[in-house]
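A short worksheet on the structure shown next.
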Amino acid sequence: MHKISGFKSVIFIYTISIILLIAATLSIAWYVTHLTTIVRPDGQSSTSNWPQQYTESFIDNITVEKGIPVISEQGRASLRRNQLWIQLLDSEGNQIIQYDKPTDAMDSYSFSELLTVQKTNRVAEHTAFIMPMTVDGDDLTYIIGFPVNLSKRTMYFNSDSYGGMRSSIFALLIGVVIFVLIAGLIYGVWLTKHLSKIVVSSREIATRSYSSIKETGVFSDAYSSLNQLDIEIQKSDAFREKADAMKQEWIANITHDLKTPLSPIKGYAELLTDGFSTNSEEDIVRYGENIVNNVLSTERLINDLKLVYQMESGAVPLNMQQIDLSSEVRETIIDLLNQPKFADRSIEYRCEDAPVKITVDPMLIKRTIENIIINALIHNPVETEIIVVLEVADEITLSIKDNGKGISDEEMKKVFDRYYRGNHNDEKPEGSGLGLAIAKQVIELHNGKIAIRSTSDEGTTILIHLPKKAEEN
């Protein structure tokens, strides 16, 4: 498979080389043609020696009538058609006749000036060609000016080598073609080798069998990117494996936690339905309270599972309403203190008397506050005091502070991780392990922020910052 791919790459590069060679040849040919051709005033293209050929052939249009040189009507028509001018000079270089001569052209020329015109093909700023002629024994010279800008360059060749120059040039061209083809083939093989190395490395990264490549040569940037990609993928794999392990442990714990309240529910229900006359009214009430408490625990776990599924799928339904956050926090604290297992705990609430209006999802905000306070209750001794403070300034800040055992620096990094269950005390971890993770996501869904500060043996403070979305009008 790699050999076939490499062969295709060589053919591709080989083809590109040939195309580039042909393009270069055509460009050179066009350039040479452009240099050696001119566009005549009548719109036709001719080789650049057309002015000289025209000048040499114009001699047929000069005749002598009654001893005076004249230009034939056909010659004048040709001059007009091609926008040319002419001067006819005698043997002394003096003008005899002219046709459309420009004002900056001289009326007489010395011998040296005529030689200069012949050598440079220039009269003033005009391109001009000179031609001697003899009419009835008189030596005459005529100069024809052309509306094109031409330059004459002279080349000298070794006469001994000139005869074989065409063969040499042809051989040189063949040699250049062969060189380009061989160079293209070598370059194609070299490039294919490195490209194949990159392709193979990409596959090895995908199969987690990649070995780092030395970052040298032309492809050092590509090798560096591959090495960095492999490092990032390894980090991602390690993180995913760690998260999967935590998730599996969480599933095992949550399964046990679900069974824990179900067992007393079943036991108390059997006692209530067995018909024993020993069940006093006081026992029945106690059994019922225990059943209700265990049902609430089960319901809380199930709600956590439902909410975390919605968050993972990105489908959390927000039911935004304007509420009085102060009242919501107060009711949440009262509900918790009314639960038998928290009845003897200390929770102090501090806030201003004025309502704190804000637009949020009431159910999610209540769950968030409840989860944070429950975390403080279940992970600290019963004598721990919890202080909840609600303040309003540029934003709304809710502070939940306890004077309990605090959290270690290592655990501080994980408290907002999903499935993490604190293990900083001697008791069995309680709860779903989703409390603070859910709290963080809920607050972020409301464009807020959550932070935690803690010191071992001194306590923990969790700060929730929410924007004031809707103030009371």
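The values are calculated or read from the model by the stated rules, or taken from the named source; none is laboratory data. Bear in mind the structure is a predicted one, so any value in this text is a computation, not a measurement. As a convention, Cβ positions derive from the backbone with ideal geometry for all residues, glycine included, and neighbour counts pool all protein chains shown.
A few notes on this one:
- Within the stretch 134-189, the set of residues being in a helix (DSSP H, G or I), surrounded by fewer than 14 Cβ atoms within 10 Å (Cβ to Cβ) and either in contact with a strand residue (DSSP E or B) (Cβ under 6 Å, 6 or more places away or on another chain) or modelled with pLDDT under 75 (or both) comprises S159, D160, S161, Y162, M165, R166, S167, S168, I169, F170.
- Test: residue in the stretch 32-53 that is in contact with a Phe, Trp or Tyr (Cβ under 9 Å, 6 or more places away or on another chain), part of a helix (DSSP H, G or I) and at pLDDT below 75: no
Residues checked against (1) in a helix (DSSP H, G or I); (2) small (G, A, S); (3) modelled with pLDDT of 80 or more:
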| residue | (1), (2), (3) |
| --- | --- |
| D230 | yes, no, yes |
| A252 | yes, yes, no |
| V285 | yes, no, no |
| N293 | yes, no, no |
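- Selection from the stretch 83-121 of residues that are surrounded by fewer than 16 Cβ atoms within 10 Å (Cβ to Cβ) and among the charged types (D, E, K, R): D90, E92, D100, D104, D107, E113, K119
- Residue satisfying all of: in the stretch 191-215; of a type in the set (A, V, I, L, M, F, W, C) and modelled with pLDDT under 80; nearest to K235 (Cα to Cα) among these: L195
- Top-ranked residue of the stretch 295-331 - restricted to ones that are at pLDDT 80 or above and among the aliphatic types (A, V, I, L, M), ranked as farthest from P467 (Cα to Cα): V295
- Per-region count, the stretch 411-449, residues of a type in the set (D, E), at pLDDT below 60 and under 16 Å from A376 (Cβ atoms): 2
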